[in-house]
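Accompanying notes for the structure given below.
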Amino acid sequence: MTALFKSGEPDLQADNKRLQEENQRLHRAVEELSVLNEIALAINSTMETDKINELIVGKCVKRVGVEQGTIHLFGSQEADLAKTLIRVSEPSKAGLPMRMSWQLQGWMLKNKRPLLISDLATDTRFSGADTQGLPIKSLLAVPLELKGQLIGILNLFNKKTGEFTADDARLVAIIASQCAQVIENARLYTEEVKLRRLEEDLANAKSIQQRLLPEKPPEIPGLQLAGVSHPARDVGGDYFDFIDLGSNHWGIAVGDVSGKGMPAALMMANLQATLRGFAHTSPAAADTVAAVNKLLVASTDSQTFVTLFYAVYNADTRTLTYCNAGHNPPMRFKNDGTLELLETGGLIAGAFSWSDYIQESITLEPGECLLIFTDGVTEAANPADDQFGEERLEKVLREGGKTNASAVIQRVLDAVLKFQADAPVADDITLVCLKT
């Protein structure tokens, strides 16, 4: 009996060892599930990316027992480092670095597997790593991967009791692998919210800009007047205006601000306010343009300028006094079939404070047509990258210039649209037509 008992003792010890190992495995599994459950319960679908990252890092700092943890999220490319950074640390350890050295990050980008360092100072792989002179002894870094793409790194610095273990690396790696999709979803949600806000802002800006343009042309005895502006984007830099100057005089303006999008739209609003302000103080078109030029030079940078055609129309005498500041010359079609380009004026506005401007007066006879336009008309391109050009515009006007002002504009728009076919719209299009 004694011999039989002794022969079974090793088996009992082995069973106890296996039982202890199984208990440890189950304990680790429970701990892993517990952390993941805590994170899952704390996260909701509308949390911002930074809040989710802070929560994940905080759980890791607490569970593993370290002085500090960080998450780095990269940009759209892995080489686009440290676009987002979240740090969680003990108050007394706030001086620790917020990021691994570039040398350590490079190792993670290359290897894409957990990195465990017990003593950074003696680790020959990273001799001379820049720690900014701060006390980093040990660290654990694990990759955040999604569909084989490294989207970030989860780092833990300085374990408070002993060294990082393989179990620590396993736990943090599981958290990282399970949370990578959550982090990416949160990032996409945050980007979606930003995009919606931007779309709302653009919609509001478009509405405001449309209200800055004349809702309808004024009724002027003996003159048909029409205008339209189509921005290439939600908002644009083209501008037209009809200004009641009193005493049967009307200011007529068409401008094209350099650039596109929101900056050009803001400049367009500035141009409108500036021109309207000066138009009422000076009856001379050239004086108004000169004053606009000086103010724009003083309030904008050297890369911002405006091409501007401004005219004062006297309805009693059908006289149009104009000044062209570097704008596409408007086309005047006379009753005898000849074409006149209105070029008198000066340089673009907003570029040179010393620019001089002159004006010229013409009398519009009954039946004449005058078209003012921006370069979005003549420079409209088709799929072969050919431009609409002034010759095609002149042909359209000769064929349909006897119709009313609104019909003239519509014929031009239709011709440009047909010419462009499926080519993208590259520039704003603005047209103003005068018919006597």
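The values are calculated or read from the model by the stated rules, or taken from the named source; none is laboratory data. From a predicted model like this one, the values you see are computed outputs, not experimental measurements. Positions of Cβ are generated from backbone atoms using ideal geometry, with glycine treated the same way; all protein chains shown enter the neighbour counts. The protein model used for the area step is the full one, side chains on, heavy atoms only, and it has no ligands, DNA or RNA in it. Shrake-Rupley method; radii C 1.70, N 1.55, O 1.52, S 1.80 Å.
Quick look at the values:
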item: Residue-level accessible surface for residue 250, protein heavy atoms, 1.4 Å, Å²; result: 40 Å²
item: Taking the range 295-436 and dividing mean pair separation by its residue count, relative contact order in percent (alpha carbons under 8 Å, at least six apart); result: 23 percent
item: Contact order relative to length of the range 230-326, as percent, for alpha carbon pairs under 8 angstrom and 6 or more apart; result: 29 percent
item: Theoretical FRET efficiency, 1/(1+(r/R0)^6), r = Cβ-Cβ of residue 352 and residue 266, R0 35 Å, to 0.05; result: 0.95
item: Given 395/418; 110/147; 112/137; 216/395; 216/294; 294/334, the pairs whose alpha carbons are separated by over 24 Å; result: 216/395; 216/294; 294/334
item: Highest-first arrangement of 243-249, 402-408, where packing means the average Cβ count within 10 Å; result: 402-408, 243-249
item: Distance between modelled label sites at residue 299 and residue 421, nm, 7 Å Cα→Cβ extension; result: 4.4 nm
item: Using θ = phi - 60° and Karplus 6.51 cos²θ - 1.76 cosθ + 1.60, couplings along the range 411-418 (whole Hz; Gly, Pro as x); result: 5, 5, 4, 4, 5, 5, 4, 5
item: Phi to ³J(HN,Hα) by Karplus 6.51 cos²θ - 1.76 cosθ + 1.60 over the range 222-228, Hz, x for Gly, Pro; result: x, 9, 8, 9, 8, x, 8
